[in-house]
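Please read the structure below before turning to the comments.
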Amino acid sequence: MKSFKSIAFDPISFNKELDAFASFIKAKSELSEREDLLPFFRSSPNLTAMLGNLHPGITKVDLIAYEYDLFGDFACDFVVGDSRRNAYCFVEFEDAKKNSIFTPSSRATSNWAARFEHGFSQIVDWIYKLSDTEKSDAFEDRFGARSIDAMCILVVGRSAFLTEPEHQRILWRERHVVVHSQKIRCMTYDQLLEELSFILTTYPEAAVADAKLSSSDKGR
């Protein structure tokens, strides 16, 4: 089992990793989950930790895990947690390619892609496993509590490949498909960049670090 590791968030490193992520996804229109995206986030721990701030129940991420297995049955690409609040964000990455979310069909409406459905179904299995093992000793050994505040996120595809009606279909699915009282947040990698960039402006330590970096750059 790949267990959680403690992490102390470094706002200056987060700024650098966020800038690198922006350049990274702008350099290529299509990105592979295994060859591009997972290695990049594994090498960017502060960026990965900040994914937890997409969970409204998390105030300070202090735990992080990569390829975290859920009781030997399923594996999560990333899990980030706030041990004080027993809140955890489970993240699934899929490819960022043209047909990662929708594929052409003979009808006017495109079909949901196998890649998207695979990622979404994986998360459904995570929610099932968390529910099935909740309140057990094994659950408490892993998460430090017999129940947790869990949120799941699917990151897949690129915004540029989507039409406006397709954007609306994803948003509708996110808002209205509920699994065991949970909504599954779905976003493209471009939307993830937007969310993390916005967090930078609202996260005090990160914002201060950003200002210091900008001032330093101007002085050169």
Problem set entry | Pairs, first over 21 Å from residue 121 (Cβ atoms) in region 150-163, second surrounded by fewer than 22 Cβ atoms within 10 Å (Cβ to Cβ) and of a type in the set (Lys, Arg), C-beta under 6 Å, six or more apart | 161/98
Exercise. Do we have any residue at all in region 144-157 that's assigned to a helix (DSSP H, G or I), touching a strand residue (DSSP E or B) at 6+ places or on another chain (Cβ under 6 Å) and not acidic (Asp, Glu)?
Worked result: no
For this session: Kindly check whether there is at least one residue in region 58-69 that is touching a Leu at 6+ places or on another chain (Cβ under 7 Å) and at negative phi.
Result: no
For this session: Take the residues in region 33-83 that are of a type in the set (Gly, Ala, Ser) and in contact with a helix residue (DSSP H, G or I) (Cβ under 9 Å, 6 or more places away or on another chain), then tell me which one is nearest to residue 124 (Cα to Cα).
Result: 75
Problem set entry | Long-range neighbours under 6 Å by Cβ, at least six apart or interchain, first residue in contact (Cβ under 8 Å) with a residue 40 or more places away in the chain within region 95-113, second among the acidic types (Asp, Glu) and not in a loop (DSSP other than H, G, I, E, B) | 95/33; 102/166
For this session: Count, please, the residues in region 98-138 that happen to be modelled with pLDDT under 95 and buried (at least 17 other Cβ atoms within 10 Å of the Cβ).
Result: 0
Exercise. From the set of residues in region 8-60 that are β-branched (Val, Ile, Thr) and surrounded by fewer than 18 Cβ atoms within 10 Å (Cβ to Cβ), which is farthest from residue 71 (Cα to Cα)?
Worked result: 12
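The values are calculated or read from the model by the stated rules, or taken from the named source; none is laboratory data. Note that the structure is a prediction, hence the values are computed from the model and not measured. Neighbour counts are summed over all protein chains in view; Cβ atoms, including those assigned to glycine, are modelled from backbone coordinates with ideal geometry.
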